[in-house]
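Shown next, in structure tokens, is the structure this report addresses.
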Amino acid sequence: RAVSTTGAVIQIRIDDLSSPVIAEIKIPGNDKWNNIKASLTGIKPGVHNLFISLTDDKKVEVDWISFE
């Protein structure tokens with residue numbers, strides 16, 4: 001669940017910021033919260049720390065992340 005008034009792209013990685021990207025998610029530009037679904041690649045089983053980073057300097061707010 002995320003919101004970005006300007007639109008933004010976030011990347012999710014596991015374990016550290018230099019690990020491969022497991023998801024790249026485009027957040028549409030508007031002022032409403034969006035539930036956004038994305039596919040994961042290269043995920044390893046187990047417990048991991050998640051790292052979320054922006055691909056540019058735009059503003060985005062992430063409320064929560066879930067996995068199905």
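The values are calculated or read from the model by the stated rules, or taken from the named source; none is laboratory data. From a predicted model like this one, the values you see are computed outputs, not experimental measurements. Cβ sites come from the backbone with ideal geometry, for glycine too, and all protein chains shown count toward neighbours. Areas reflect the complete protein model, heavy atoms only, side chains present, ligands, DNA and RNA absent. Shrake-Rupley method; radii C 1.70, N 1.55, O 1.52, S 1.80 Å.
Does segment 31-51 hold any residues that are within 14 Å of Val3 (Cβ to Cβ) and out of contact with any Ser or Thr (no Cβ under 7 Å at 6 or more places or on another chain), and which are they?
Lys32, Trp33, Asn34, Asn35, Ile36
The set of residues from segment 19-52 being of a type in the set (S, T, N, Q), in a loop (DSSP other than H, G, I, E, B) and open to solvent by 40 Å² or more (accessible area, probe 1.4 Å) comprises Asn35, Ser39, Thr41, Asn49. Filtering segment 7-18 to residues that are modelled with pLDDT of 95 or more and either open to solvent by 50 Å² or more (accessible area, probe 1.4 Å) or in a loop (DSSP other than H, G, I, E, B) (or both) leaves only Gly7. For segment 30-68, which residues satisfy the criterion of being within 21 Å of Ser18 (Cα to Cα) and aromatic (Phe, Trp, Tyr)? Within segment 30-68, Phe51 is the sole residue that qualifies.
So, in segment 53-64, exactly how many residues are over 16 Å from Asp15 (Cα atoms), under 11 Å from the mean Cα position of the chain (by Cα) and either open to solvent by less than 80 Å² (accessible area, probe 1.4 Å) or free of Cβ contacts under 8 Å to residues at least 60 places away in the same chain (or both)? Residues flagged as over 16 Å from Asp15 (Cα atoms), under 11 Å from the mean Cα position of the chain (by Cα) and either open to solvent by less than 80 Å² (accessible area, probe 1.4 Å) or free of Cβ contacts under 8 Å to residues at least 60 places away in the same chain (or both) within segment 53-64 amount to 5.
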